[in-house]
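The values are calculated or read from the model by the stated rules, or taken from the named source; none is laboratory data. Every value quoted in this text rests on a predicted model; they were computed, and no experiment measured them. Methodologically, a virtual Cβ is constructed for each residue, glycine included, from the backbone with ideal geometry; neighbour enumeration extends over all protein chains shown. Each accessible area value is taken on the protein alone, full model and side chains, heavy atoms only, with ligands, DNA and RNA left out. Shrake-Rupley method; radii C 1.70, N 1.55, O 1.52, S 1.80 Å.
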Amino acid sequence: MRHKGLAIWMALLFLGACSARRDATRPPAPAQASAITVRVQRAASGADTWSLTYELPTPSHSVRFTRPGHGSRQSHWRVLEPAGASIERQGDEDVLSAPDGSSFRSLRLEVSTYVEKPEKDYQVFIPYSDGAVLLYTGVLGLTFGEAEPPPLHVFLTPRPGERVVVAGQSSEHEVRWEGSPQGTYAYFGAGSAVQDGVTAVVDPGMPRPLREHIESLLPRLFALYTARTGSPLTFEPALFISFGPSPNPGSINMSGGTLPGLVQLDIRLGANRLADADPEVIPRVSELVAHEAAHLWNGELAVHEVPGGDWMHEGGAEAFSLRALAELGTVPVEYVRTRLSDAVSECLLKLEGAPLRASSRPGKYTNYYRCGLIISAMAEASARQARPGTDIFALWGRLLREVGPRGHYDEARLYAAFSSEGVSQRTLAVIRQLVDGPNVDAEAQVLAELRLLGFEPQACDGDGKLARRTPCVRLGRVPFLP
Ligand SMILES: [Zn+2]
């Protein structure tokens, strides 16, 4: 999910993601006759290479890869068997053909690790600083040309003494994974996994205080989201965080993506950010982790496909993240107040009279985060006026229970859940207006509502007036925090 001001790409294929992940409570089913099997083994040592062995259900003269290779299959993949076969690029597709029209039923390839980030696609290998690597399994898929690629059964084997971590499993032996052609990331390395409500591997090369903080935060964060929404995830979530240096001494660069059941993040810090006590690093990284984790609830346990409805999951994730981190003691209340204040200022500045739902165009996407966060804050404060004990997690918990696991929601269902939890019709009317427009009076209406809800909005310069062209708002208090 995109975050303003950060070198970040998120949200690849986030919406509409559906997945078939392995149900860990059942033993693996025998391979179906029509399935393709691929065994992936990381070479024991020396050159960083991988051996891939495919077994096809029927002999074939050629196979196509289901996902583009961006030229890397020509430069880094070598076909060992059948002899003389090659991978040719045909437009966006890679086709592996045997020589002279002969056919094959098994394939052996050797792949050297490459670190290239294709534009708008998943990076195939993501290195950790200690030599561990994440492998994107989506790159393995093959098809014979039918509309639906055959199921792919993937067997992953780590180096001796190392482990594979994939979809909630962590093993020093071969692991079987079956999933959608969309794929997942599998970890190959010697690092230890956190396994407590989430299976996570955090790069050991990360500055120690940051790593220890994240590793201790994750179980508490997942426990909080689960308990407070009253909605446990129905799948086993995985989270991988790699780390490396950034050439710019002052920078904090964070990037990543989500796949079904999985959050993958890459953190890069400049030399000046490696100090143990850098005050910005822990809150920023924690916020990103908590935001992406929240999407497992609001983008996967339940999903929406509403055009222009991104404010629901982005604003909801921002609210979950700040609310949880304040409660868990990662950030002070003052930090939340500043973030909410900045969100009000930025939302009102950048809407420019347009409906929030029209923010999918370039330069406006951050409105979904900022205005979405304000909507969440207004809803929470409004609900608490009717029911003092409720909070943003209860509001979403109501929705999650009503739509059920993997259920779909839209704005009407979200508003109905909000209303059932005590959000007033007056507040809902302000929210609807912000989402649907017209928004020529958004500033006056939002500030009036914030005032009624107890946020005590003031102009930044303290003169009591908000300049029309540059709204700058400071919230005097956050009614749902001490
Ligand atoms: Zn997001």
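Key figures
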| read-out | value |
| --- | --- |
| Approximate spin-label separation R64-S129, in nm, with each point projected 7 Å along Cα-to-Cβ | 4.3 nm |
| Sequence-separation-based contact order of the stretch 36-194, relative, with Cα cut under 8 Å and 6+ spacing, percent | 24 percent |
| Rg to Rh quotient for the stretch 27-105, alpha carbon positions, Kirkwood Rh | 0.99 |
| The stretch 229-292-the stretch 300-336 distance, computed between alpha-carbon centres (Å) | 15 Å |
| Efficiency of FRET between R432 and E116 - r from beta-carbon atoms, R0 41 angstrom, step 0.05 | 0.35 |
| Contour excess over end-to-end distance, with Cα ends at E212 and S103 and 0.36 nm allotted per residue | 33.9 nm |
| Accessible surface of the chain [probe 1.4 Å, protein heavy atoms]: carbon and sulfur percent | 52 percent |
| Protection proxy ranking, peptides 446-456, 80-90, average beta carbon neighbours within 10 Å, highest first | 446-456, 80-90 |
| Linear extension gain, H408 paired with A227, 0.36 nm per residue minus alpha-carbon span | 63.0 nm |
| A44 paired with Q74, simple spin-label distance in nm, labels 7 Å along Cα-to-beta-carbon | 3.5 nm |
| Interatomic Cα distance distribution for the stretch 36-194, bins of 5 angstrom, percent | 2, 9, 18, 23, 21, 14, 8, 3, 1, 0, 0 |
| Over the chain - Rg/Rh using Cα atoms and the Kirkwood inverse-distance radius | 1.01 |
| Per-residue [θ]222 nm for the chain (sum of -39500 (n - 2.57) over DSSP H runs n ≥ 4, rounded to 500) | -10000 deg cm²/dmol |
| Residue-by-residue Karplus 3J(HN,Hα) for the stretch 106-117, coefficients 6.51, -1.76, 1.60, Hz, glycine and proline x | 10, 9, 10, 9, 10, 10, 8, 4, 9, 10, 9, 9 |
| DSSP bridge pairs, the chain: antiparallel proportion in percent, nearest 5 | 75 percent |
| 5 angstrom amide H check on L80, placed H, neighbours 5+ away | R108, L109, E110 |
| Prolate/oblate/rounded call for the stretch 317-418, Cα gyration tensor, a/c under 1.5 rounded | oblate |
| Value of relative contact order over the stretch 61-141, rounded to a whole percent, pairs C-alpha under 8 Å and six or more apart | 31 percent |
| Loop trypsin sites (Lys or Arg not before Pro), the stretch 166-262, which have at most 16 other Cβ atoms in a 10 Å radius of their Cβ (DSSP) | none |
| Cβ charges +1 (Lys, Arg) and -1 (Asp, Glu), total dipole of the chain, debye | 620 debye |
| D (Stokes-Einstein, µm²/s), Kirkwood Cα radius, the stretch 304-475, 0.890 mPa s at 25 °C | 152 µm²/s |
| For E174, distant residues with modelled amide H under 5 Å away | none |
| The chain, relative contact order [Cα under 8 Å, separation at least 6], % | 12 percent |
| Net charge contributed by nearby residues that have their C-beta within less than 12 Å of R413 (K/R +1, D/E -1) | -1 |
| Lys, Arg +1 and Asp, Glu -1 on Cβ, resulting dipole of the stretch 241-348 about Cα centre, debye, nearest 20 | 200 debye |
| Net charge over other residues, Cβ less than 13 angstrom from the Cβ of I431 (K, R count +1; D, E count -1) | -1 |
| In Å², nearest 10: area of I252 left accessible to a 1.4 Å probe | 10 Å² |
| Placed amide H near L259: partners under 5 Å, 5+ positions off or other chain | Q264 |
| Kyte-Doolittle mean at least 0.0 and Cα axial length at least 20 Å: DSSP H helices in the chain | 281-295, 333-351, 366-386 |
| Added length on full extension, which subtracts the Cα-Cα distance from 0.36 nm per residue, Y365 to S86 | 96.2 nm |
| Debye intensity ratio in log₁₀ form over the Cα atoms of the stretch 180-288, taken at each q of 0.12, 0.15, 0.20 Å⁻¹ | -0.44, -0.68, -1.11 |
